[in-house]
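Novice: Just passing along the structure, written as structure tokens.
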Amino acid sequence: MEMQKTYNPKDFEDRLYREWMERGYFHAEVDPAKVPFTIVIPPPNITGQLHLGHALDNTIIDALIRFKRMQGYSALYLPGCDHASIATEVKIVEEMKKEGLTKKDVGREGFLERAWQWKEKYGGRIVEQMKKMGVSCDWSRLAFTMDENCSRAVREVFVNLYRKGLIYRGDRIINWCPGCKTALSDAEVEYSEDASYFWHLQYPVKGSDEFIVVATTRPETMLGDTAVAVNPNDARYRDMVGKTLILPLVGREIPIIADEYVDQEFGSGAVKITPAHDPNDFEVGLRHNLPVIRVMNDDGTMNENAGAYVGLDRYVARERVVEDLKACGALVKIEPHTHNVGHCYRCKSTVEPIVSKQWFVRMEPLAKPAIDAVARNKIKFTPERFSKIYYNWMEGIKDWCISRQLWWGHRIPVWYCRDCGEMIVSKTDPTDCPRCHGRNLQQDEDVLDTWFSSALWPFSTLGYPDKTDDFNYFYPTDVLSCGYDIIFFWVARMIFSGIEHTKKVPFRDVLLHGIVRDEQGRKMSKSLGNGIDPLEVVEEYGADSLRFSLITGVAPGNDSRYSRGKVEASRNFMNKIWNASRFVLMNAEGVRIPPLAEIKLTAPDKWIISKLESCIKEVTLNMGKFELGIAAGALYDFLWSDFCDWYIELCKSSLYGEDADRKAATLSVLCFVLENALKLLHPFVPFITEEIYRNIPGVQGSIMVADFPRYNAKLSYKKEAKAFEGVMDIIKAVRNMKTAVNCPPAKKVKVYLSTANRRLISANANAIAKLAGASAVDFVESSAEIAEKTMSQVTEGSTVFVPLGELVDLAKEKERLAKELERIVGEIGRAESKLNNRGFTDKAPKNLVEAEREKLEKFLEMKKKVENQIREL
RNA sequence: GGGGGCAUAGCUCAGUUGGUUAGAGCGCUCGCUUCACAUGCGAGAGGUCGUAGGUUCGAGUCCCACUGUCCCUACCA
């Protein structure tokens, strides 16, 4: 193969992806001979565009899937999209607005038609974008939260929960978004500290000139006040409890009541009670049988209960109410105040707590087993700390408001008989009323929270409620990987749903990653305009570079920063892989390469194979622990430092030499190491590894379905590798000395060695000659045998002398050696104090003590030698 | 109010159950057109691991407090 001088991913990424698809490598079969390994995708929104968060999700999951597939598992990466009820509906409404249309104009049917068209138009976009990342999803199983099976699962689950009494309908305070005109769950509200005011109001006591002062942050809600509450133990108000107040502006008579909820220390100690517009007040209202007067419409304007303020927007009404209160003397003072205000997570409107009839999931019975599953290690969070966050949320969880006043989504499977009022909850559409047999049925207008269907994702995508082969084989899934920002929205809900409906935990491991931020550490957002389009990065640097840069140097659960520099560093690594491979393949051309087992390995051969084996071990171990960053780092070091900087350089003399057998043997090792390194790298950088792999002599088929390397203790050559590092140390020492005196690298120098290991070193003298720029390597007992003036450096096993007479500045050389001596003496001190410590020698593991002793000896010997050098200068 | 993260080289970050002389990338200095790669090669400089205690033979790593910083969560009107 003709390889380009530089790595150019555009030449092959799309082509290889197409080939993989055509050959069906992504497809996971139900195969009893294999162990299944399943990951379901965190489904991106159908209307969404790929962003770096998706890119990270997909890179992590795909790396795990490819790793397991190569290990022989039937690995299923199940892709799909989420209908994203609110997000999509908002977009369609916006689009209609451009045409001058509203939801009302087109009606429910017309709207849904548009929505499905939208889905057809944009639903495929994100899928195509994901393919650019190289993900090995089984596209034949592409799922959608509103496809037939997922919808069936939703009804099954809804009805079952309803029958168990775990779903109920009722009037509760919910979070109302006046922008989206729908109820929201607690999780869908984002709080921020907003600057506002405290309005202190006084309400007169009926039939007296007494009054009571209350404070509020939402003065317009006073129109719906039905009481004022004080603490029963509050001496200040004891006599007032039971008296009646006249609500200013409205004239309504409201009681003063006593309730424990009121904090005496806060404000005036008296609280206006608005049961329709505040969750606490609602509870107080229930306890005291207070009327619930809602004063606001769904769109955030005031309703007919607001009297003169009817029709006004809530904020206009607020101003008017304040003005009017001031005019009638009821406004005591206005105080600046910042407090937590809830905002809709989609449209950012300020959320109104409002009483409303909605459907709820009773959470307490579901939360318990879900907490247990984690506590009893049936599900493991990585990193561990997130289980605490999970408990925290689950233990304090409140009922889940699941109905949404939207059209795009799963319509609630409940029908009302217009004739007799019967409510029918059914998995299938009923035709008539089971009580009065009338046919005048009306389905509930609302749809379900998007997350209600996402919660079923790990099993609704595999066939649930049917016990399909897929379901039996691939469920429970193995790993769930997503960002920590959706633990509550998604992970927690899948856990309790999975346990409740399938009686099994939906996955064994939860692997959480952080947020990808911009270069300055800010969250990427539309409003800041600091988002990075992964597709542009892929276009410029290739998918492999982006994948590698997203994973490398990142620990699970930690946020990371995207930077062009990081991608460039990864791209450079790809280029390095490319060129190392190019080097091997170019040299291999036309050579008959013997299998590794048939050749006699040299010291450098054994060294690189040994390094490869420890790399295999480290990668496998860390993949198992989800430490992808560490695994990727180990590969980077192995390939760049060990393989390229050392081994390839060491090979050159035999490759360019006369000995054909030696050359073939060297190529055998080069190919063996390259092949294995590519396999190890493949889960991270699938394209480049595949492109090269197929061209290695003797290799057949796709790397995607090759066996992942297994650690082989027989090839670990620990002793030989260590010994060879002594030769490498000599090379480093020579280079070091040459640089210290500004000797040009091209200038050859003589090298004298005093060493106990002459055999190994003379066998590798050519390496020293080539890599250190030595004209000759001679052995001596001591520097006395060398006629010229030399520089010297002590390594672990040798003393290296280089005659650089004319270049050497004696004073500088002395300084250099003195510094070296200082370092060694420091080490000796450290080792001695350790070994003189009975605690250490008695309690530390034997091998550590032994290692410390060896170290001490080594340093003592080095010290002697260095002192010698200084004396002889 | 409750919970959590982070604090290690100029910058961005790794550092796996406590145990070699604390690492990488980028940046910096010096030197290299060495026939795979200048998206490169070689040699360096640079860190008392936020502060103060504690546990331990041994702490960047575990515990406590403090400081700074970011985030999540919560009904104080």
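The values are calculated or read from the model by the stated rules, or taken from the named source; none is laboratory data. Quantities reported herein were computed from a predicted structural model and do not represent experimental measurements. Cβ sites come from the backbone with ideal geometry, for glycine too, and all protein chains shown count toward neighbours.
Novice: Of all residues in the stretch A:724-753, count the ones that are part of a loop (DSSP other than H, G, I, E, B) and within 11 Å of RNA strand B (Cβ to nearest atom). Walk me through it before giving the result.
Specialist: Applying the first criterion (part of a loop (DSSP other than H, G, I, E, B)) to the stretch A:724-753 yields A:741-748.
Going one step further and asking which of them are within 11 Å of RNA strand B (Cβ to nearest atom), we end up with A:741-747.
Number of matching residues: 7.
Novice: Could you tell me which of the residues A:Gly797, A:Gly839 is closer than 30 Å to A:Asn764 by Cβ and under 50 Å from the mean Cα position of the chain (by Cα)?
Specialist: Values: A:Gly839 fails: closer than 30 Å to A:Asn764 by Cβ.
Just a single option satisfies the conditions, and that option is A:Gly797.
Novice: Sticking with this structure for a sec: In the stretch A:300-386, which strands (runs of 3 or more DSSP E) lie fully inside it and hold 1 or more residues that are in contact with a Cys (Cβ under 9 Å, 6 or more places away or on another chain)?
Specialist: Working: elements: A:331-344, A:352-361, A:380-382.
In the stretch A:300-386, A:331-344, A:352-361 are the strands (runs of 3 or more DSSP E) which contain 1 or more residues that are in contact with a Cys (Cβ under 9 Å, 6 or more places away or on another chain).
Novice: Further question: Here's a check for you: in the stretch A:281-296, which residue that is crowded, with 20+ Cβ neighbours inside 10 Å and within 42 Å of the chain's Cα centre (by Cα) is farthest from RNA strand B (Cβ to nearest atom)?
Specialist: So the residue we want is A:Met296.
Novice: Another one. Does at least one position in the stretch A:760-774 carry a residue that is assigned to a helix (DSSP H, G or I), within 17 Å of A:Thr799 (Cβ to Cβ) and within 16 Å of RNA strand B (Cβ to nearest atom)?
Specialist: In the first step, residues of the stretch A:760-774 are kept if they are assigned to a helix (DSSP H, G or I); the result is A:760-763, A:765-772.
Adding the requirement that they be within 17 Å of A:Thr799 (Cβ to Cβ) leaves A:760-762, A:765, A:768, A:772.
Filter once more, so that each one left must be within 16 Å of RNA strand B (Cβ to nearest atom): A:768, A:772.
Within the stretch A:760-774, one or more residues are assigned to a helix (DSSP H, G or I), within 17 Å of A:Thr799 (Cβ to Cβ) and within 16 Å of RNA strand B (Cβ to nearest atom).
Novice: Yes or no: A:Asn58 surrounded by 15 or more Cβ atoms within 10 Å (Cβ to Cβ) and at pLDDT below 95?
Specialist: Numbers: surrounded by 15 or more Cβ atoms within 10 Å (Cβ to Cβ): yes; at pLDDT below 95: no.
So A:Asn58 does not fit the description; no.
Novice: Right, something else. I'd like the residue in the stretch A:26-43 that is touching a Gly at 6+ places or on another chain (Cβ under 9 Å) and either crowded, with 22+ Cβ neighbours inside 10 Å or at pLDDT below 95 (or both) and, out of all such residues, is farthest from A:Gly483 (Cα to Cα). Even if it seems obvious, please write down each step before you answer.
Specialist: Here is the first cut: in the stretch A:26-43, the ones touching a Gly at 6+ places or on another chain (Cβ under 9 Å) are A:34-35, A:40-43.
From what is left, the residues that are either crowded, with 22+ Cβ neighbours inside 10 Å or at pLDDT below 95 (or both) are A:40-41, A:43.
Numbers: A:Val40: 14, A:Ile41: 12, A:Pro43: 12 Å.
This residue is A:Val40.
Novice: From the list A:Glu827, A:Glu832, which one is over 14 Å from A:Thr799 (Cα atoms) and crowded, with 16+ Cβ neighbours inside 10 Å?
Specialist: Among A:Glu827, A:Glu832, only A:Glu827 is over 14 Å from A:Thr799 (Cα atoms) and crowded, with 16+ Cβ neighbours inside 10 Å.
Novice: Turning to a different aspect of this structure: For the stretch A:634-691, how many residues meet the condition of being within 14 Å of A:Val591 (Cα to Cα) and of a type in the set (D, E, K, R)?
Specialist: 5
Novice: What is the one condition in (1) within 40 Å of the chain's Cα centre (by Cα); (2) surrounded by fewer than 16 Cβ atoms within 10 Å (Cβ to Cβ); (3) within 15 Å of RNA strand B (Cβ to nearest atom); (4) of a type in the set (A, V, I, L, M) that A:Ala721 does not satisfy?
Specialist: Looking at each condition in turn, A:Ala721 falls short on (2).
Novice: With the structure loaded, tell me whether A:Ala33 is among the small types (Gly, Ala, Ser), assigned to a loop (DSSP other than H, G, I, E, B) and free of Cβ contacts under 8 Å to residues at least 24 places away in the same chain or whether it fails that test. Reasoning before the result, please.
Specialist: Values: among the small types (Gly, Ala, Ser): yes; assigned to a loop (DSSP other than H, G, I, E, B): yes; free of Cβ contacts under 8 Å to residues at least 24 places away in the same chain: yes.
For A:Ala33, the condition - among the small types (Gly, Ala, Ser), assigned to a loop (DSSP other than H, G, I, E, B) and free of Cβ contacts under 8 Å to residues at least 24 places away in the same chain - is met.
Novice: Follow-up. Within the stretch A:185-207, which residues are in a strand (DSSP E or B) and within 12 Å of RNA strand B (Cβ to nearest atom)? Walk me through it before giving the result.
Specialist: Just the residues of the stretch A:185-207 that are in a strand (DSSP E or B), to begin with: A:189-205.
Those that are in a strand (DSSP E or B) and within 12 Å of RNA strand B (Cβ to nearest atom): A:Val189, A:Glu190, A:Tyr191, A:Ser192, A:Glu193, A:Asp194, A:Ser196, A:Tyr197, A:Phe198, A:Trp199, A:His200, A:Leu201.
Novice: To continue, here is another question. Tell me which helices (runs of 4 or more DSSP H) are completely within the stretch A:483-579 and hold 3 or more residues being charged (D, E, K, R) and either at pLDDT 95 or above or under 19 Å from the mean Cα position of the chain (by Cα) (or both), or say none if there are none.
Specialist: Counting at least 3 such residues, we get A:534-541.
Novice: Quick one: count up the residues across the stretch A:387-421 that are assigned to a loop (DSSP other than H, G, I, E, B) and either modelled with pLDDT of 90 or more or crowded, with 20+ Cβ neighbours inside 10 Å (or both). So that I can check it myself, show each step before the final result.
Specialist: First pass over the stretch A:387-421, keeping only residues assigned to a loop (DSSP other than H, G, I, E, B): A:396-399, A:402, A:405-410, A:412-413, A:418-421.
Subset that is either modelled with pLDDT of 90 or more or crowded, with 20+ Cβ neighbours inside 10 Å (or both): A:397-399, A:402, A:405-410, A:412-413, A:418-421.
Adding up the residues that qualify gives 16.
Novice: Now a separate question. Among A:Asp278, A:Asp225, which is the only one that is within 8 Å of RNA strand B (Cβ to nearest atom), closer than 21 Å to A:Ala306 by Cα and touching a residue at least 24 places away in the same chain (Cβ under 8 Å)?
Specialist: Details: A:Asp225 fails: within 8 Å of RNA strand B (Cβ to nearest atom).
So the residue among A:Asp278, A:Asp225 that is within 8 Å of RNA strand B (Cβ to nearest atom), closer than 21 Å to A:Ala306 by Cα and touching a residue at least 24 places away in the same chain (Cβ under 8 Å) is A:Asp278.
Novice: Kindly indicate the residue of the stretch A:250-271 that is farther than 16 Å from A:Val213 by Cα and within 45 Å of the chain's Cα centre (by Cα) and also nearest to RNA strand B (Cβ to nearest atom) among those meeting that condition.
Specialist: If we take residues in the stretch A:250-271 being farther than 16 Å from A:Val213 by Cα and within 45 Å of the chain's Cα centre (by Cα), then A:Tyr261 is nearest to RNA strand B (Cβ to nearest atom).
Novice: Please indicate, with yes or no, whether at least one residue in the stretch A:605-617 is of a type in the set (S, T, N, Q), surrounded by fewer than 20 Cβ atoms within 10 Å (Cβ to Cβ) and near RNA strand B (Cβ under 8 Å from one of its atoms).
Specialist: The initial filter retains those residues of the stretch A:605-617 that are of a type in the set (S, T, N, Q), namely A:610, A:614.
Narrowing further to those that are surrounded by fewer than 20 Cβ atoms within 10 Å (Cβ to Cβ): A:614.
Then drop every residue that is not near RNA strand B (Cβ under 8 Å from one of its atoms), which leaves none.
Checking the stretch A:605-617: not a single residue is of a type in the set (S, T, N, Q), surrounded by fewer than 20 Cβ atoms within 10 Å (Cβ to Cβ) and near RNA strand B (Cβ under 8 Å from one of its atoms).
Novice: Which condition number in (1) at pLDDT below 90; (2) within 47 Å of the chain's Cα centre (by Cα) is the one that A:Ile768 fails?
Specialist: For A:Ile768, the exception is condition (1).
Novice: Going by what's in this entry, would A:Thr799 be described as away from RNA strand B (no atom under 16 Å from the Cβ), within 28 Å of A:Glu649 (Cβ to Cβ) and among the polar types (S, T, N, Q)?
Specialist: Numbers: away from RNA strand B (no atom under 16 Å from the Cβ): no; within 28 Å of A:Glu649 (Cβ to Cβ): yes; among the polar types (S, T, N, Q): yes.
Considered against the rule, which asks whether it is away from RNA strand B (no atom under 16 Å from the Cβ), within 28 Å of A:Glu649 (Cβ to Cβ) and among the polar types (S, T, N, Q), A:Thr799 comes out as no.
Novice: Does at least one position in the stretch A:694-702 carry a residue that is part of a helix (DSSP H, G or I), at pLDDT 95 or above and more than 26 Å from the chain's Cα centre (by Cα)?
Specialist: no
Novice: What single numbered condition from (1) over 23 Å from A:Val537 (Cβ atoms); (2) within 13 Å of RNA strand B (Cβ to nearest atom) fails to hold for A:Ala569?
Specialist: (1)
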